[in-house]
Amino acid sequence: MIKYRLKCEHDHEFEGWFRCSADFEEQSADEALTCPVCGSSKVNRAIMAPAVSTRKGEAAADRRLGEIRAAMTEAASKARTYVEKNFDYVGDNFPEEARSIHYGEKEARGIYGEATPKEVKELKDEGVEIAPVPGTPSDGGKPIDKKQIN
């Protein structure tokens with residue numbers, strides 16, 4: 001298996017696993033690869049440094065865990081920024097707005113805002129698709145109290 005860092009035409013970066021380099025080339029030529037952020041099928045390999053292991057055992061695992069944590073933090077930050085730039089902030093009216101959109105009473109659009117744990121449970125029980133906006137370590141590692149729907 002080969003892991004490539006990939007990048008779409010809109011500079012969104014993500015990883016892809018392939019059986020061999022020919023599989024990547026074939027899928028890329030057929031535009032079978034899509035960006036998980038924007039759905040673009042214009043995907044290329046991003047520049048990446050070779051993985052050279054210089055440490056063994058626990059030290060190498062700790063280093064890899066740090067890399068994973070940093071990548072997850074970056075992804076959470078990008079997702080949060082995307083929501084804040086592209087979705088309408090509705091504050092404490094989130095549950096009412098989400099329901100109105102879900103039941104077709106208002107035009108569908110991306111929103112985010114505040115909801116209590118009880119309100120979140122009620123929305124999910126009603127079948128309203130919601131998800132928390134990811135928090136970042138600057139939030140003390142806790143997810144922020146904003147929810148999104150699209």
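The values are calculated or read from the model by the stated rules, or taken from the named source; none is laboratory data. Bear in mind the structure is a predicted one, so any value in this text is a computation, not a measurement. No Cβ is skipped: glycine too gets one built from the backbone with ideal geometry, and neighbour counts run over all protein chains shown.
Within region 6-39, count every residue that is within 15 Å of the chain's Cα centre (by Cα) and of a type in the set (S, T, N, Q). Qualifying residue count, region 6-39: 1. Of everything listed in (1) out of contact with any Phe, Trp or Tyr (no Cβ under 7 Å at 6 or more places or on another chain); (2) at pLDDT below 95; (3) aromatic (Phe, Trp, Tyr), the single unmet condition for TYR103 is (2). Do we have any residue at all in region 33-54 that's within 30 Å of LYS118 (Cβ to Cβ) and surrounded by 12 or more Cβ atoms within 10 Å (Cβ to Cβ)? No, region 33-54 contains no residue that is within 30 Å of LYS118 (Cβ to Cβ) and surrounded by 12 or more Cβ atoms within 10 Å (Cβ to Cβ).
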